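Notes follow the structure.
Since every read-out is calculated from the coordinates, none of them should be taken as a lab result. Please read these numbers as outputs of a predicted model, since none were measured by experiment. Here the Cβ is made from the backbone with ideal geometry for all residues, glycine too, and neighbour counts use every protein chain on show.
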Ligand SMILES: Nc1ncnc2c1ncn2[C@@H]1O[C@H](COP(=O)(O)OP(=O)(O)O)[C@@H](O)[C@H]1O
Ligand SMILES: [Mg+2]
């Protein structure tokens, strides 16, 4: 018999109930006559406050509240990939199908009972089975082998029986242990509780993004966390979509917290139409989309990031690299603020509850690169890439500040760059990474000793440009030396050709590390060639006709295998052109 309480107050998504029995923090309840799903968020004596995931209008004082004794959990199993879920794990498609989209108290299973999966056993009778270890697998999508596992919080056991190879569905028994326990395709996990792993691994491999500015200047580690703060229209969504498509993660969990009313609708339309550039199948095959549309109650938004994280951990535990993205954390924090306000808590900075940082930490600390519990030979990771939309683009506000304290890479989007249509509008002066040191070994091995020098070449030109532009303010361009005039020109070329990258141009949307290196080498050789001629007396204005920009632009889109020969050819043409310029005797 479930414990029953009574509604004593209702304030939007927060319902207060009187109880005469012990209650757990975050316990799941069914509130009111319509049995709306909610979660206990505060306990004070015999009064508890509940955040309800559904519209509470119509609920009355005196109605019953049923306490389940359980915490919010999600069913984990095959079929999560490709699905679009609401903040508490109900598939939108089926809510809609069953006409429950707006009706309340709907109990819709996350996974589809009617789907069939082809099971291949890995274990046989007599084998021992560790927590989190696989008993077999089913293919999910074209590429993912979904491991069917013993839940990681269970005790070790010994296999008595395993299902033979063949078609199975959610209700089928797949394995029985000698102690009588049964394993099926799915198991449940509480969303606010991190799934265990064997041990953490260092941040010494990169999450490659294919975005030149990121991988070159501000690389991020696999298992690390990056924040993308930026005002409206600066490119948060486009950047996250590019990363979803191009980063070297196997699986993407995308949590949308719509900014404007229709933005989530756009996301819901766009993602399913994106193609996976690596495998030429829909990107959704290796993606889970969690959608908080603006007509959903704020409490579900609060829970959604933990739901997403739990799904990410589940695939991590199979040995995959998962990237989880939230767009935007600010909308999530607003949900927290609204609920906090209803509880009449003492507000912290800018009205956010004092526990904003703690709640965010409970999300970020579940990222990482690890060895899995079920198979300590296997490596898995969760990399976090969160967008933040600070009001007025002011990075000193609490959500941006809390996020940057919890993450290692800060990719600051800049309104004025976006206005100049410099995309991605990542500000190279304000952005930073803390993963440089730990990734240096990987880059040295992959790209050689010279990589460090090439990065330095680029960042030095960019900072030189800043200093020169300040000088120009004082003396004008004509007051600069010939070499400085060229340095200004070269840094502009570096910005336009290297830092800018068009997400919508199929030849440019992704850039390999090898090509990034090749482009930087080309820029450096160009610098040497031109500087030599300037030293011999050629004037900067004599270079006006040399097609630096068009040449570099076309190199940028040359396929990788032809890149070095094309670059060499172009540089020798430039060298010829430069030689043919005569030195004017002054
Ligand atoms: N990498 C990019 N390449 C080309 N255009 C971009 C890029 N990033 C942003 N944009 C442009 O900026 C617009 C706004 O970007 P969006 O991601 O929607 O901003 P936000 O999510 O920050 O409000 C896009 O519609 C697009 O025109
Ligand atoms: Mg956006």
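What is the packing order of peptides 332-342, 518-528, taking the mean over residues of other C-beta atoms within 10 Å and listing the highest first?
Output ranking for 332-342, 518-528: 332-342, 518-528.
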Hydrodynamic radius by Kirkwood, which averages 1/r over all alpha carbon pairs of segment 448-580, in angstrom: 15.6
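Quick check on the chain: helices-only [θ] at 222 nm, where DSSP H runs of length 4 and up contribute -39,500 (n - 2.57) each and the sum goes over total residues. Nearest 500, please.
-10000 deg cm²/dmol
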For segment 357-410, alpha-carbon Rg over 2.2 N^0.38 Å: 1.44
Taking the C-alpha atoms of segment 289-330, convex hull volume expressed per residue in Å³: 65
Counting DSSP beta bridges with both partners in the chain, what percentage is antiparallel, nearest 5? 70
Using just the C-alpha positions of the chain as equal point scatterers, what log10 of I(q)/I(0) does the Debye formula give at each q in 0.06, 0.08, 0.09 1/Å? -0.38, -0.63, -0.77
Take the alpha-carbon centre of segment 27-64, take the same for segment 271-323, and report the distance between them in whole Å. 28
Any chance you could get the radius of gyration and Dmax over the Cα atoms of segment 122-281, in Å? 20.3, 59
Provide the three semi-axes, in whole Å and in decreasing order, of the ellipsoid equivalent to segment 339-467 as defined by the square roots of 5 times the Cα gyration tensor eigenvalues. 32, 26, 11
On C-alpha positions alone, give me the angle between the axis of helix 482-493 and the longest principal axis of the chain, in degrees, nearest 10. 30
Compactness summary of segment 529-574: radius of gyration and Dmax from Cα atoms, Å, are 12.6, 37
Antiparallel as a % of all DSSP beta bridges within segment 202-434, to the nearest 5? 30
Quick check: convex hull of the Cα atoms in segment 108-186, volume per residue, rounded to a whole Å³? 95
